[in-house]
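Just below is one structure, and these are the notes that go with it.
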Amino acid sequence: MNNIHSKNVTALSKSKRKAILKSYLATAVTCAVVGVVMLPVLADSDAETAINNMSDIIFGIIRAIGIILSGWGLVQVGMSFQSHDPSQRSQGFLCLAGGLIIVFAKSILTAIAPGVFS
């Protein structure tokens, strides 16, 4: 008789566990669906201004790096004419071209994707 009583208690606790697990899973799935389907909130003008200012600062830093790189390319080209080294000359022109591309990166990106980097 003791054996039967313990089996009934175990059967009841298993059914309770299944019911609790089902309700937990239903709640978790509902929360996940609500989290995925939520509508995005449009940014306020203050946040948009802050992001635009940060973008201007980052592009300013990138432009400064491009100017430094272009200057180094010009130095290499000048030194290659002095030493008659064609490999240094080609490396100088590549450095100069890469620097100019970096200087005009914002303009290039704006031309490729208008409205994104404005």
> Is there a residue being assigned to a helix (DSSP H, G or I) and under 27 Å from Val116 (Cα atoms) anywhere in segment 70-87?
Replying inline: yes
>> Only one of Leu42, Leu100, Leu21 is closer than 29 Å to Ile112 by Cα and either hydroxyl-bearing (Ser, Thr, Tyr) or modelled with pLDDT of 80 or more (or both). Can you tell me which?
In response: Leu100
>> Filter segment 94-118 down to the residues that are in a helix (DSSP H, G or I), touching a residue at least 24 places away in the same chain (Cβ under 8 Å) and under 21 Å from Ala50 (Cβ atoms) and list them by number.
In response: Lys106
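The values are calculated or read from the model by the stated rules, or taken from the named source; none is laboratory data. Predicted model only: the values in this text are computed from it and were never measured. For neighbour counting, all protein chains shown are included, and Cβ atoms are generated from backbone atoms with ideal geometry for every residue, glycine included.
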